[in-house]
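The values are calculated or read from the model by the stated rules, or taken from the named source; none is laboratory data. As the structure is a prediction and not an experimental result, all values here were calculated from the model. No Cβ is skipped: glycine too gets one built from the backbone with ideal geometry, and neighbour counts run over all protein chains shown.
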Amino acid sequence: MNVAAPPPRENMGEPLPRIDGRLKVTGAATYPADIVVNNLAYAVLVPSTIARGRVKRVYTDAATRVRGVLDVLTIGDLEGKVEKPKFGNAGSTSIGPLQDNRIWHDGQVIAVTVAETFEAAREAAVLVRADYEEEKPSATFDSAGTEEIDAKGASPFLEEHAGVGDFDASFQAAEVKIDERYSTPTQHHNPIELFSTTAAWQDGELTIYEPSQNVFGWRAALAEELKIAPERIRVVSPFIGGAFGSKGSMTPRTAIIAYAAQKLGRPVRCVVEREKAYSVQTYRAETRHRIRIGASHDGKIAAFAHEGWEVTSRPDNYVVGGTSATARMYGYGAVLTHVSLVKADRNTPGYMRSRPRRLTFMRSRMRWTRWRQNWAWTRSSSAASTTP
């Protein structure tokens with residue numbers, strides 16, 4: 001033990017050394033985009049400038065004339081060569097951005113430029129133009145054109161709405177009733193380490209260097225998209241520079257870069273610029289909540305209801321399931337929960353550390369605690385005023 005690692009207190013566990021700590025603080029840790037790969041080409045994503053509609057035509061002539069440009073992949077180039085991604089545990093979305101001319105959300109990838117240098121690839125990406133058949137998007141709650149569906153059965157992540165007893169009767173009979181609404185905003189991941197993919201083929205074997213929280217799940221999903229055996233793929237992720245869930249599901253970018261590397265016959269690296277990550281990665285969906293609590297004057301809860309509404313994309317039924325924890329935290333008596341999905345023209349949300357759903361319930365608890373404190377103070381004041 002020393003000053004840096006003093007003896008633990010009674011409520012602490014034994015201190016354990018972080019074997020990667022020195023590497024990270026000294027800059028010696030090698031993240032996936034830092035790994036040296038021979039004969040590397042660089043890729044840059046080209047985002048859609050509309051949020052809903054279809055791509056009529058993509059113009060790449062100016063981009064291909066940039067010195068050093070090797071290729072420009074665009075809509076239709078992956079058709080028949082790469083399977084569309086599947087939404088699930090390992091896959092972040094079912095949207096195949098270069099396999100369909102449908103635009104599901106703003107910033108959807110419509111092309112990828114590949115060049116000898118990052119600078120050339122980025123210059124070429126700026127020169128890519130597109131004609132669109134634009135439609136009016138529905139972006140969020142209360143937007144005209146959104147679709148609301150029951151989350152139960154729409155997603156394997158929510159098989160039931162937790163509940164017990166007769167909430168309506170218990171709530172109506174309660175001496176004290178609380179009925180409040182809360183909301184959480186969209187929140188985006190901004191880890192220190194940018195999102196990146198590096199793909200290298202050798203003798204029919206593919207190596208992917210990418211920050212991943214699920215390397216074996218990615219290998220299985222990528223093998224399905226590329227139509228090869230999983231044993232022919234390695235996903236290498238020695239360090240992750242921040243994730244909180246954002247690197248848990250594979251995005252369509254991985255298969256696109258792998259295909260680009262295979263087509264060119266040389267490794268390709270794509271490091272997503274910070275401003276593009278908001279639309280090509282997952283994010284925390286915005287949510288709304290209605291919480292009702294029925295209780296007796298002594299503070300015993302007899303009825304609890306938590307209803308939630310969550311934004312997701314048009315094609316994918318991503319469920320936060322913010323009611324699943326709150327419904328089971330206490331012996332409420334009667335419990336009612338329900339989750340609805342609001343499908344909008346947005347990219348598919350994804351995993352993120354679950355602070356908002358805890359905060360939602362904690363705010364409700366704080367309000368309940370304040371009510372109990374006020375009730376106790378009122379009772380004590382009344383008793384004092386009637387004492388002879």
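A few remarks follow.
- Near pairs, Cβ below 9 angstrom, 6+ apart or cross-chain, from the stretch 83-95 (within 11 Å of A255 (Cβ to Cβ)) to any residue that is basic (K, R) and in a loop (DSSP other than H, G, I, E, B): E83/K227
- Flag if Y318 is free of Cβ contacts under 8 Å to residues at least 40 places away in the same chain, among the aromatic types (F, W, Y), over 30 Å from D34 (Cβ atoms) and not in a strand (DSSP E or B): no
- Looking across the stretch 178-215, the residues that are aromatic (F, W, Y) and under 18 Å from V272 (Cβ atoms) come down to F195, Y209.
- Residue list for the stretch 229-257, filter: aliphatic (A, V, I, L, M) and free of Cβ contacts under 8 Å to residues at least 24 places away in the same chain: A229
- The number of residues in the stretch 280-302 that are surrounded by 21 or more Cβ atoms within 10 Å (Cβ to Cβ) and more than 30 Å from T251 (Cβ to Cβ) comes to 4.
- Set G80, G76: member being touching a Leu at 6+ places or on another chain (Cβ under 9 Å) and either outside any helix (DSSP H, G or I) or surrounded by fewer than 19 Cβ atoms within 10 Å (Cβ to Cβ) (or both): G76
- Close contacts from the stretch 200-226, counting a first residue that is within 12 Å of A255 (Cα to Cα) and a second that is acidic (D, E) and surrounded by fewer than 20 Cβ atoms within 10 Å (Cβ to Cβ), with Cβ to Cβ under 8 Å and a gap of 6+ residues or different chains, come to E224/E83; E225/E83; L226/E83.
- Given (1) in the same structural domain as P315 (by TED's automatic domain parsing); (2) modelled with pLDDT under 95; (3) touching a Gly at 6+ places or on another chain (Cβ under 8 Å), number of the condition G165 does not satisfy: (2)
- Matching residues in the stretch 236-279 - criterion: being over 20 Å from the mean Cα position of the chain (by Cα), of a type in the set (A, V, I, L, M) and buried (at least 19 other Cβ atoms within 10 Å of the Cβ): I257, A258, A260, A261, V268
- Members of the stretch 83-103 that are part of a strand (DSSP E or B), within 30 Å of P230 (Cβ to Cβ) and touching a Ser or Thr at 6+ places or on another chain (Cβ under 7 Å): G91
- Test: residue in the stretch 74-87 that is out of contact with any strand residue (DSSP E or B) (no Cβ under 6 Å at 6 or more places or on another chain), over 24 Å from T197 (Cα atoms) and acidic (D, E): no
- Failed item in (1) under 20 Å from G217 (Cα atoms); (2) part of a loop (DSSP other than H, G, I, E, B), with R266 passing the rest: (1)
- As a summary of the residue check, A63 satisfies the conditions (1) surrounded by 18 or more Cβ atoms within 10 Å (Cβ to Cβ); (2) part of a strand (DSSP E or B) except for the one numbered (2).
- Residues (in contact with a Phe, Trp or Tyr (Cβ under 8 Å, 6 or more places away or on another chain) and among the basic types (K, R)) located in the stretch 7-44: K24
- Any hit, the stretch 11-24, residues being under 29 Å from the mean Cα position of the chain (by Cα) and within 29 Å of N347 (Cα to Cα): no
- Selection count, the stretch 192-201, where residues are surrounded by 15 or more Cβ atoms within 10 Å (Cβ to Cβ) and not in a strand (DSSP E or B): 3
- In the stretch 104-191, counting only strands (runs of 3 or more DSSP E) that sit wholly within it, the ones holding 3 or more residues that are within 26 Å of the chain's Cα centre (by Cα) span 109-115, 147-150, 176-184.
- In the stretch 108-136, the qualifying residues are those that are crowded, with 22+ Cβ neighbours inside 10 Å and of a type outside the set (A, V, I, L, M, F, W, C), and the one that is nearest to T64 (Cα to Cα) is T113.
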